[in-house]
Structures are given as structure tokens and as C-alpha cells.
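Visitor: Sending over a structure as C-alpha cells; questions will come in a sec.
The values are calculated or read from the model by the stated rules, or taken from the named source; none is laboratory data. Bear in mind the structure is a predicted one, so any value in this text is a computation, not a measurement. In this analysis, Cβ positions are derived from the backbone assuming ideal geometry, glycine residues included, and neighbour counts consider all displayed protein chains. Just the protein is used for accessible areas: all its heavy atoms, side chains included, with ligands, DNA and RNA removed. Shrake-Rupley method; radii C 1.70, N 1.55, O 1.52, S 1.80 Å.
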Amino acid sequence: QVQLVESGGGLVQPGGSLRLSCAASGSIFGIVVMGWYRQAPGKQRELVARITRGGITAYADSVKGRFTISRDSAKNTVYLQMNSLKPEDTAVYYCNKYPGPTRDNDWGQGTQVTVSS
């Protein structure tokens, strides 16, 4: 089973940018759709963006026009470029296949993104 490790989170001011990375321990070529998800305190995990193996993308309305997902199958890495960040983007961000697994054990540690002045 491919292990996924998220990185790149941090504290940023409103309007700032971050680039998240998701490194896989093995090939993600076989995973048709990869996604970035986030979970804010007290809320359920939600899908933020997804990308197919062929590069077709889709975004949640709340991030459309601000976030960009990409994948580099040669490097087994998925990225999330986040621009014009807002306080409501504060959450732990995870990457995983889409649809997301139902078992908690199938999720990584995530990376914390905090948007605050």
C-alpha cells in the first residue's frame, strides 16, 4: 500500500500563499484520481481539489480560482498551490486517493495550515 506524506504547511497571513506537497512511498500512477482534503476544527473532512491521472482537475467552490492542484507521476508527488489564502482556509490538509478512504488508518498525518494576522 502506498504511504502518503504531506508537507509544506505553516502560518501565513491572509492574502498569502503556500505550496503543499504530498510525497508517495510508491508509484501513484495506478491511482486514477488523487485529491487534497482538509479538516478544520469541529468540522468533517472535505475535498478541496482532485486531479485525474490525465490532469483533469476539479475544485471545491470555496477554493476555485485560488488553489491549483497538480501531480508529477514521475516524482510520485501531488501538489497544492494555495494563493490568496483566507482565515477560513485554516485546517489540516491531507492528500489521498479519490474517493477518500473510510478508515482513519488509511490517512496520513496531514499538514497544518493556519491563516491568521
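Visitor: Given contacts defined as C-alpha pairs under 8 Å and at least six residues apart, what's the relative contact order of the chain, whole-number percent?
Guide: It rounds to 36 percent for the chain.
Visitor: Suppose R0 equals 30 Å. What FRET efficiency, 1/(1 + (r/R0)^6) with r the Cβ-Cβ distance, do Phe29 and Asn83 give to the nearest 0.05? Don't skip to the end; give the middle numbers.
Guide: Working: r = 28 Å, r/R0 = 0.93.
The computed FRET efficiency comes out at 0.60.
Visitor: Direction-averaged shadow area of the convex hull around the Cα atoms of the chain, nm²?
Guide: Approximately 6.7 nm², given one-decimal rounding.
Visitor: Given labels modelled 7 Å from the Cα in the Cβ direction, how far is it in nm from Thr57 to Ser116?
Guide: Modelled inter-label distance: 2.9 nm.
Visitor: Work out, step by step, the length gained on full extension between Gln1 and Gln13: first 0.36 nm times the residue separation, then minus their alpha carbon distance; give nm to one decimal. Provide the component values of the computation, followed by the final result.
Guide: Values: separation 12, 0.36 × 12 = 4.32 nm, distance 3.66 nm.
Roughly 0.7 nm would be gained on extension.
Visitor: Solvent-accessible area per residue for the chain at a 1.4 Å probe radius, Å²?
Guide: That works out to 55 Å² for each residue.
Visitor: Moving to a separate point now. Give me the percent of DSSP beta bridges within the chain that run antiparallel, rounded to the nearest 5.
Guide: In the chain, approximately 90 percent of DSSP beta bridges are antiparallel ones.
Visitor: Quick check: residue separation of Thr102 and Ser73 times 0.36 nm, minus the Cα distance between them. What number comes out in nm?
Guide: Working: separation 29, 0.36 × 29 = 10.44 nm, distance 2.43 nm.
Additional length available on full extension: 8.0 nm.
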